[in-house]
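Undergrad: This structure is in structure tokens; I'll ask about it shortly.
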């Protein structure tokens with residue numbers, strides 16, 4: 001092999017190796033991004049589920065609710081091992097007009113070798129009170145943020161949002177039974 005051919009092979013190998021490494025970092029960054037986003041959705045859902053119970057006595061104290069939510073998101077992110085990748089930048093609680101619910105908006109940042117992103121997750125939150133109208137002897141069903149059906153507690157339609165309501169109140173508000181979870185149950 002001539003000296004000029006050796007130099008040409010070295011240059012070509014350097015270009016190919018650089019492109020392969022760039023592609024490899026891109027793939028790893030994409031996989032980490034998908035992983036972190038999926039885990040953060042579970043983190044926020046878990047924290048919101050806990051807040052539906054814990055936040056009830058503090059429903060009129062937005063600042064305290066935000067602090068509690070921040071602690072719950074932090075704990076959930078540690079449990080799901082994404083706390084090393086993610087930095088929570090902001091948690092807000094906004095009212096939704098026309099509904100008796102609020103929205104948690106959680107903003108978070110992450111940076112990998114090839115990716116940097118700021119994401120937001122929105123999840124509904126119903127402020128509770130001590131006299132929310134639910135009776136222990138009544139039939140409690142669940143509604144979703146924007147749905148038109150009411151569901152039993154473990155219906156798969158409730159994976160994103162779930163708010164308890166008396167079945168009579170749900171029917172009075174125009175909700176109809178879910179065809180999946182009310183197959184053999186007659187509504188009142």
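The values are calculated or read from the model by the stated rules, or taken from the named source; none is laboratory data. Since the structure is predicted, the reported quantities are computational estimates derived from the model, not experimental observations. Note that each Cβ is placed from the backbone with ideal geometry, even for glycine, and that neighbours are counted across all protein chains shown.
Undergrad: Can you tell me which of 37, 49, 60 is in the same structural domain as residue 91 (by TED's automatic domain parsing) and not in a helix (DSSP H, G or I)? Working first, answer last.
TA: Details: 37 fails: not in a helix (DSSP H, G or I); 49 fails: not in a helix (DSSP H, G or I).
Answer to the selection: 60.
Undergrad: Among the residues of region 92-106, which ones are free of Cβ contacts under 8 Å to residues at least 24 places away in the same chain and part of a loop (DSSP other than H, G, I, E, B)?
TA: First, the residues of region 92-106 that are free of Cβ contacts under 8 Å to residues at least 24 places away in the same chain: 94-95, 97-98, 103, 105.
Answer for region 92-106, where residues must be free of Cβ contacts under 8 Å to residues at least 24 places away in the same chain and part of a loop (DSSP other than H, G, I, E, B): 97, 98.
Undergrad: Only residues that are closer than 28 Å to residue 165 by Cα, at pLDDT 75 or above and loosely packed, with under 12 Cβ neighbours inside 10 Å: list them for region 96-139, please.
TA: 97
Undergrad: Can you name the condition, by its number, that residue 53 falls short on among (1) free of Cβ contacts under 8 Å to residues at least 60 places away in the same chain; (2) over 30 Å from residue 100 (Cβ atoms)?
TA: Answer for residue 53: the failing condition is (2).
Undergrad: Residues that are part of a strand (DSSP E or B), exposed (fewer than 15 other Cβ atoms within 10 Å of the Cβ) and free of Cβ contacts under 8 Å to residues at least 12 places away in the same chain: does region 70-82 have at least one? Spell out the reasoning first.
TA: Of all residues in region 70-82, those part of a strand (DSSP E or B) come to none.
Among the residues of region 70-82, not one is part of a strand (DSSP E or B), exposed (fewer than 15 other Cβ atoms within 10 Å of the Cβ) and free of Cβ contacts under 8 Å to residues at least 12 places away in the same chain, which makes the answer no.
Undergrad: While we're on this one: Let me spell it out: the conditions are (1) surrounded by 12 or more Cβ atoms within 10 Å (Cβ to Cβ); (2) part of a helix (DSSP H, G or I), and residue 89 meets all of them except one. Which number is the exception?
TA: (2)
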